[in-house]
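What follows is calculated from the coordinates using simple rules that are stated; it is not laboratory data. Since the structure is predicted, the reported quantities are computational estimates derived from the model, not experimental observations. All Cβ positions, glycine included, derive from the backbone under ideal geometry; neighbour counts span all protein chains shown.
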Amino acid sequence: MEAATITACTESELPSASDVASLYAAVGWTAYTRDLDALMDGLRGSLRVVVAHSGRSLVGLARVVGDGATICYLQDVLVHPDARRQGVGGQLVREAFAPFGAVRQHVLITDEEHEQKAFYESLGFGQLGEVVPGRAFVRFAA
């Protein structure tokens, strides 16, 4: 696989719905693609969407939501299995947050997998309760 190119997208430059669905399926995030229109609306409503392409193939995506002034939330980071372990994920996260360096809170919620914890810690994130006192609460719609 050729090296990935990372770019930020304007709304008109977002990947096609079929490319997005393929990437989400490749990483097993099919709950998001059950309502592909909602997912695409979410991408359009994001503060920033960053994608990775290898040739013409979409191999990565990250997006930030929030107010862009006091809090930014890293919503999705996806890297196609064929492009993992090549630095794509780290590049996506850094580029997604690039314009928000002065924002006080950079937040994310992720699965409880050892590799993910190590990945996010390598990017300067710390787990609430370990690095910073606090709690995180979440409620998912049925």
Check Asp76: other-chain or 5+ apart residues with amide H under 5 Å from its amide H, H built from backbone geometry?
Arg63
Kindly rank 12-20, 64-72 from highest to lowest mean number of other beta carbons found within 10 Å of each residue.
64-72, 12-20
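I need to check one value: relative contact order of the chain, counting alpha carbon pairs closer than 8 Å and at least 6 residues apart, in percent.
Values: 192 pairs, mean separation 29.3, N = 142.
Value for the chain: 21 percent.
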222 nm [θ] for the chain, helices only, -39500 (n - 2.57) per DSSP H run of 4+, per residue, to 500?
-8000 deg cm²/dmol
Of [x] 14.9, 44; [y] 16.7, 60; [z] 16.8, 51, the label for Rg and Dmax of the Cα atoms in Å derived from the coordinates:
[x]
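Starting from the Kirkwood radius over alpha-carbon pairs of the stretch 43-124, derive D by Stokes-Einstein at 37 °C in a medium of 0.692 mPa s and give it in µm² s⁻¹.
On the way: Rh = 13.1 Å.
For these conditions, the coefficient is 250 µm²/s.
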If one computes the Cα centroid of the stretch 23-46 and of the stretch 104-142, what distance in Å separates the two points?
21 Å
DSSP-loop trypsin sites (Lys or Arg not before Pro) across the stretch 83-126, with at most 16 other Cβ within 10 angstrom
Arg84, Arg85, Arg104
Can you pull the three principal axis extents for the Cα set of the stretch 1-70, in Å, largest first?
38, 27, 20
Tell me which of Leu74, Gly42, Val27 sits at the most positive position along the dipole axis of the chain, charges placed on C-beta atoms (Lys, Arg +1; Asp, Glu -1).
Leu74
